[in-house]
Amino acid sequence: MIELVRAELIISGRVQGVFYRASAQQEAQRLGLVGEAGNLPVGGVEVTAEGPREAVEELIAWCRRGPPAAEVDSVDVKWSSARGVFRTFMVTR
């Protein structure tokens with residue numbers, strides 16, 4: 001059985017206004033993940049992703065780079081078990 005995990009990421013740097021959320025959504029969908037990406041009021045982006053651990057780790061690796069116009073300073077990751085609350089991967093806020 002494949003272990004499904006949840007990763008909650010806080011990405012800081014120049015990540016707003018550079019298509020970070022939409023690009024993260026495309027990458028997550030390509031990897032077959034569900035979750036959401038949203039801007040934080042203080043700057044930065046929050047990404048929550050659920051799916052097989054290997055795919056979630058691939059998304060985290062992508063988040064450390066981001067889209068071409070982004071400048072990622074750091075990615076903080078909090079792991080937990082998948083909760084199954086998402087149906088798709090959405091852009092919020």
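Remarks
- Local electrostatic count, residue 62, Cβ distance below 11 Å [Lys/Arg +1, Asp/Glu -1]: 0
- Counting DSSP beta bridges with both ends in the chain, the antiparallel % (nearest 5): 85
- Ordering 92, 48 from the fewest to the most neighbouring beta carbons within 10 Å gives 92, 48.
- Residue-averaged [θ]222 nm for the chain, counting only DSSP H segments that reach four residues, each worth -39500 (n - 2.57): -8000 deg cm²/dmol
- Quarter of the Cα convex hull surface for region 4-83, i.e. its orientation-mean projected area (nm²): 4.5
- Region 35-93 versus region 1-17: alpha-carbon centroid distance in Å: 2
- Distance between modelled label sites at residue 69 and residue 91, nm, 7 Å Cα→Cβ extension: 1.1
- Cα-based helix-to-principal-axis angle, 53-65 vs the chain, degrees rounded to 10: 0
- Proximal charge balance of residue 16 [Cβ under 12 Å; K/R count +1, D/E count -1]: +1
- Across region 11-21, computed HN-Hα scalar couplings (Karplus, 6.51 cos²θ - 1.76 cosθ + 1.60, θ = phi - 60°) run 10, 10, x, 8, 10, 10, x, 10, 6, 5, 5 Hz from first to last residue, x flagging Gly and Pro.
FYI, it's all coordinate maths here, none of it is from the lab. Keep in mind the model is a prediction, meaning the values are calculated, not measured. With ideal geometry, Cβ positions are generated from the backbone for all residues, glycine too; neighbour counts draw on all protein chains shown.
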